[in-house]
Structure formats: C-alpha cells, structure tokens
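Below is one structure, written out as structure tokens; the observations come after it.
The values are calculated or read from the model by the stated rules, or taken from the named source; none is laboratory data. What you are looking at is a predicted structure, and each value in this text was computed from that prediction instead of being measured. No Cβ is skipped: glycine too gets one built from the backbone with ideal geometry, and neighbour counts run over all protein chains shown. Ligands, DNA and RNA are stripped out before the accessible areas are found, and what is left, the full protein with its side chains, is counted by its heavy atoms. Shrake-Rupley method; radii C 1.70, N 1.55, O 1.52, S 1.80 Å.
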Amino acid sequence: MKKLFSTTDVDPRHRFDYWHSVACDNLVGHSSTPECRQTFNAELRSGMLAGTGLVLFENSAMDVARTAKHVAQAQSDDLFICHQTAGLLTLEQDGRQLILGVGDVTLVDPNLPYAAKFSAASELLVVKVARGALEARVGRIRDLTAIALRPSNPENRWTSSFLAMLPSISDRLTFTAQEIASNQIVDLVAMSLLGTYGSARSRISSWALSLLRVRSAIEARLSDPKLNAATVAEAAGVSVRHANDLLAKECTSIMRLVLAMRLQRCRQALEDPLQNHRTVSEIARGWGFSDMTHFGRSFKAMYGMLPRDFRKAGSLKRSQLTSGNSTS
C-alpha cells in the first residue's frame, strides 16, 4: 500500500490538522479531536484491490464523529468494512455501541452518523465495498452495522485473517488475483454477518442466508459440466423453485447464474498472462463448458467479442503498457 501521509514529515504544530484533511479526503468527512495535539502521531496508507479501496490508519488517541451534516454532503455510496489490527476502537452507530479489539471486524455505514474513540497506537484497516454488492448477499444493511465479528469462531477467524493479509499483499497480486480477492472479501464478510447476527433477524435473514448458500453451491461446482438446477438446490438445502424465486429478485435464475459465473471465470483466465499456455477450449472446458460454439456465443454476448479476440486484445494492451513504462 502507498503511504499518503505521515506526521514525521510535518511540523508538530500542524500535524493533526494536516492529518484530518488527508483523512477526510481519503475516507469521509468528519470532525475529530486528538487526545493531545503536541504529541499526536499518525500515518495513512491506501491501496486498491480491483476497484475495492483499502485505507490503513495508524494514529494516536483521538475522538471522531461523522454527523448528519457530514452525511448530507456525502457523494459515495460505499460501505466500510473495518478490521482492527492494533489498539482499541470504541464505535457507536444507530444506537449500537461496541469495542473492537485486535482481529475484530465490523461494518460501518457512512450514510449514517457515527462516533468513534481510538486508543493510543491504534491501527485500523478500512475496506470500501460497494453497497449493492453486500446488500445482494445479506439484504437490509441497517440492522448489521456496528455488530462485532469476533474471531472466536472459525468463520469470523477466516474473515479476520483474510482481511489482515491485504495490506501486505494487495500491491503484489495480479489483477486477476485482485478481482478474486475483492469478491471473496464481500462473500466472507457476508457469511460472518449472517452467521453472527442472522439467527436474531427476521425473514430477510433467512432469505439472505439461503441466497448465499445457493451462490456458494454454484461456485463450488462450476467446473462440473453436468451441473444442473436440482444439484445446486439440493446442495443449498432448498427446492429448485425456492432457489429460483430467490434469484428472481436479482433478475436471474440458477442456470443463468451458473452461466454468468462460468463466463466470469473464463474471462479472468483469458486475462491472466500466467495462463497463456492454456488454449481457449481448455479454459472453457475447465469451467464446465462442453459446447464450444455455445461458449463462444455466450462469451461474446456478455463481453462484446469472441474469447480469442478478447485474449488478443488483452495481450496487446499489456504489451503497450509495458512498452510505455519502459520508455517513460
């Protein structure tokens, strides 16, 4: 991740104000008060993971508040997944209060006011995810903010460990790996949210959990050319009709989603230079396609060109970028 700011580079008299300005620009507008201006220290790093924003904060003790006035000026519709990597963070949003310790994860909605208190030597990773991507997996967000996801159970530990790795590896992943990781972030957080709070929710929780099971059942069986709707529904523990009713809310069905997910996997493989040794047909068959004509037509319908042309265009673009970098 790229270092955007460090108080070691700023006159002590201006450190906090400069920090506050940079933090507002890279996260959201807010008010903040340090425990001690004279000794305040902070560092901010940022990065991207295939369009998913990462912001890592290290700072001295301070209080933060995002008010209704700040919310009214918001221009983004991202949600914040917060992973505490050092120190403590006390957070309050929508009438709920929690204390995050090392390894704990929570969801914050910047379109609602919140207040936070950072301890000394606090370090917090904020992952910005698209609201629609998470809502598609869990349903209504409002009841899930400021809920502590503690790494005391296997699912939450998996989520926490995955998030903890991101600052050290995000810059070194290929774009294909970044894209996969970006989707996994949302899947893992959705799983943890539903597992931690799902049993206390109403009917929408059951809907969201069933939908997540259907998606997971498809993902686990994508490479099977004999995959059908009955197999997916059985693995997800629902009927075919119920699974299709769930997916109809997203304007799709079991087999349309299977096709879309297979095509996405093939596109990622065709974009990945590490898979140049594989033929287009080999990639397609690897992801469950048995009819190459059907595969080609479906791929063109989704991405605007045939698979071979898509691969050539990607190779040409990479070579142009490489030559451009070498001459700059």
**Asked** Restricting attention to region 266-288, and to residues there that are charged (D, E, K, R) and either open to solvent by 60 Å² or more (accessible area, probe 1.4 Å) or part of a helix (DSSP H, G or I) (or both), which single residue is farthest from Ala313 (Cα to Cα)?
**Response** Arg285
**Residue list for region 81-97, filter: within 22 Å of the chain's Cα centre (by Cα) and surrounded by fewer than 21 Cβ atoms within 10 Å (Cβ to Cβ)** = Thr85, Ala86
**Prompt:** Which condition number does Ala146 fail, the rest of (1) assigned to a loop (DSSP other than H, G, I, E, B); (2) modelled with pLDDT of 90 or more; (3) at negative phi being met?
**Reply:** (3)
**Message:** Go through (1) more than 19 Å from Val71 (Cβ to Cβ); (2) free of Cβ contacts under 8 Å to residues at least 24 places away in the same chain; (3) in a helix (DSSP H, G or I) for Ala136 and report which single condition fails.
**Reply:** (2)
**Request:** State all residues of region 235-256 that are open to solvent by 20 Å² or more (accessible area, probe 1.4 Å) and not charged (D, E, K, R); if no residue qualifies, say none.
**Result:** Ala235, Gly237, Val238, Ser239, Val240, His242, Asn244, Ala248, Cys251, Thr252, Ser253, Met255
**Yes/no for Ser223 being small (Gly, Ala, Ser) and surrounded by 15 or more Cβ atoms within 10 Å (Cβ to Cβ)** = no
**Asked** What number of residues within region 284-315 satisfy the criterion of being closer than 23 Å to Arg256 by Cβ and in contact (Cβ under 8 Å) with a residue 24 or more places away in the chain?
**Response** 13
**Prompt:** Which of the residues that make up region 2-48 are among the hydrophobic types (A, V, I, L, M, F, W, C), closer than 28 Å to Ser170 by Cα and out of contact with any strand residue (DSSP E or B) (no Cβ under 8 Å at 6 or more places or on another chain)?
**Reply:** Val10, Cys24
**Message:** Restricting to region 125-163, count the residues that are open to solvent by 40 Å² or more (accessible area, probe 1.4 Å), more than 14 Å from Met191 (Cα to Cα) and within 13 Å of the chain's Cα centre (by Cα).
**Reply:** 3
**Request:** Go through the residues of region 223-243 one by one and say whether even a single one is in a loop (DSSP other than H, G, I, E, B) and within 25 Å of the chain's Cα centre (by Cα).
**Result:** yes
**Item:** Members of region 1-25 found to be under 21 Å from the mean Cα position of the chain (by Cα) and buried (at least 17 other Cβ atoms within 10 Å of the Cβ), listed by number
**Value:** Met1, Ala23
**Request:** For Leu163, indicate whether it is part of a helix (DSSP H, G or I) and under 15 Å from Arg137 (Cα atoms).
**Result:** no
**Prompt:** Is there any pair with a first residue in region 259-282 that is touching a residue at least 40 places away in the same chain (Cβ under 8 Å) and a second that is assigned to a helix (DSSP H, G or I) and of a type in the set (Ser, Thr, Tyr) whose Cβ atoms are under 7 Å apart and which are 6 or more apart or on different chains, and what are they?
**Reply:** Leu263/Ser298; Arg267/Tyr303; Gln268/Thr176; Glu271/Thr176; Asp272/Thr176
**Item:** Members of region 18-51 found to be over 19 Å from Ser119 (Cβ atoms), among the acidic types (Asp, Glu) and in contact with a Lys or Arg (Cβ under 9 Å, 6 or more places away or on another chain), listed by number
**Value:** none
**Asked** Any residue at all in region 317-326 that is over 19 Å from Phe175 (Cα atoms), part of a loop (DSSP other than H, G, I, E, B) and either open to solvent by 50 Å² or more (accessible area, probe 1.4 Å) or at pLDDT 95 or above (or both)?
**Response** no
**Item:** Top-ranked residue of region 53-80 - restricted to ones that are part of a strand (DSSP E or B) and in contact with a His (Cβ under 8 Å, 6 or more places away or on another chain), ranked as surrounded by the fewest Cβ atoms within 10 Å (Cβ to Cβ)
**Value:** Ala65
